[in-house]
1. Go through ASP422, ASP201 and list them by solvent-accessible area, largest first, probe radius 1.4 Å.
2. What percentage of the solvent-accessible surface of the chain, computed with a 1.4 Å probe over protein heavy atoms, is contributed by carbon and sulfur atoms?
3. Could you tell me the ratio Rg/Rh of the stretch 41-85? Both radii from Cα atoms, Rh via Kirkwood.
4. Tell me whether the stretch 362-443 comes out rounded, prolate or oblate; compute the Cα gyration tensor, take square roots of the eigenvalues as a ≥ b ≥ c, and use a/c under 1.5 as the rounded threshold.
5. Could you calculate, for the stretch 408-449, the ratio of the Cα radius of gyration to the Kirkwood radius, expressed as Rg to Rh?
6. Taking R0 as 25 Å, what's the FRET efficiency between TYR366 and ILE464 from their Cβ-Cβ distance, rounded to 0.05?
7. Please compute the volume of the convex hull spanned by the alpha-carbon atoms of the stretch 334-483 and report it per residue in Å³.
8. Treating the Cα atoms of the chain as identical point scatterers in vacuum, please give the log10 of the normalised Debye intensity I(q)/I(0) at q = 0.07, 0.08, 0.09 Å⁻¹, two decimals.
Amino acid sequence: MGERSDRFTTTGCTWLWPLSDLTGVPLDQVNFIICQAVGLAAAFWFRRSLSPQRVSPALRHAVATLLGVSFVIFCFGWYASHTFILTLSCYIILCKASVHNVHWYTMLVAVGYLTACQISRVFIFSYGILSTDFSGPLMMITQKITTIAFQVHDGMCRKQEELTPEQRRLKVVTRPSLLEYLSYNLNFMSILVGPCSNYKDYIEFIEGRHVQSKLKRLQEGSPEQNGWDALSEPSPVQAVCRKLLVCVGCMFWFFAITKSFPVTYTVDPEFLRQASFLRKLVYSLISLQAARPKFYFAWTLADAIHNAAGYGISGVDEKGQVSWDLISNIRIWKIEATTSYKAFIDNWNIQTGVWLKNVCYDRVPYYRTPLTFVLSALWHGVYPGYYFTFLTGIPVTLAARAMRRNFRQYFLGSPTVKFAYDMVTWLATHLAICYSVAPFTLLAMEPTLEYYRSMYFYVHIISILAIIVLPSRPRSTKPEKHAQHSNNNVKGD
């Protein structure tokens, strides 16, 4: 019975069913982990045996594409055809449409197709029976094909003075070939879980100009380069090993803690009937905190795969060491130690935030925040729980901002008081985060409302009261300096 059920809900390859049965991990997750493990080994091989000094960019493009196509077919079976249909359709638009409108046509088709697939997923997979499904690669490809469409528009249509410095750096002045386009969208490093990177950075990596672009830059105000002339390519081994250790820790945490505290138990009828409010609050905090490592695992492993292939250098840090965080999607310590709801958002799914800023927030003349919210909601999917999370985040963010502006300056007088303030705001922030993201894991409307009722809508009520009662007043000069310094730390890291 168990085998039949799992095979029915798995559209990908079933060769690894014995391993799934042995470990108790769903087959779709086993397929994903095995593909990423093979991808990690392939990345080291890709860097050493198919380096730009040995083979042509065309061969590197072709191998990266074929491996990526193999992975997505292995994981999702015939549903992988959706990724190919969307990619080829948008390439036709990129080649045939006017550069004046190519970005909007691409956005409309990509987001529309993704939304149609998300709607079908709700009915086909009955509210997420699969923890991994074909919409995941579609979500990544949607980011990439819209990114390159906007960058082609910037490079072939807009004037230099109309672009921001970042848009000038990333503009694409010629339409990519079909091979380049397929490689960028379907390469084995990012096909399953991303993250999205910029087309220009990816092409520099394939053509062997990635290190030169990121490290051999002129020092500001000096005709001399920054000392990286003598080093052809820094080794990523240390960065990869460090990230793999994080993955091992996340996997251990998943088997030891996460499986013992399922989020769905927060809406179990017997638990709701017998547990006190305090017990519900503590269990909700523990279970939702414990749910994060699976995301940490997936995003950190994807980052390690890119690094193993030699991709992901962002520059050098303040110690002069190479930073391999160009496409990192998460900053775990900043998330776990955050005392700010906004800082949590800024350090979670980083590259999606960058994508939303680049293709929406920086592009629309009016209603930037609401339109960015709409695009983010459509991109994530059509589950009601997603929208409860996004809508709940609005008053929570406004309330946190109001409370910070009104109270923080009174707790900066001494280190002891500041530490106590940080501890209280840490707990309050993580309680608010868990309350907000619970619907994101519950997905459906009925369990979401059941959860909020069991919590007496306490975060909604506190947030709305804080917004209404606390004055929205300008900060005094001294607190302003402290707050600005804190915000700079968040943005600069």
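The values are calculated or read from the model by the stated rules, or taken from the named source; none is laboratory data. Because the structure is predicted, anything quoted here is derived from the model rather than measured. Using ideal geometry, Cβ is built from the backbone for each residue, glycine included, and neighbour counts are taken over all protein chains shown. We work out accessible area using only protein heavy atoms, side chains counted, and drop any ligands, DNA or RNA first. Shrake-Rupley method; radii C 1.70, N 1.55, O 1.52, S 1.80 Å.
1. Order by accessible area, largest first: ASP422, ASP201.
2. Within the chain, the accessible surface is 65 percent carbon and sulfur.
3. 1.09
4. Judged from the Cα gyration tensor, the stretch 362-443 comes out oblate (a/c at least 1.5, b/c at or above a/b).
5. So for the stretch 408-449, dividing Rg by the Kirkwood Rh gives 1.30.
6. Result of the calculation: an efficiency of 0.40.
7. 135
8. -0.41, -0.54, -0.69
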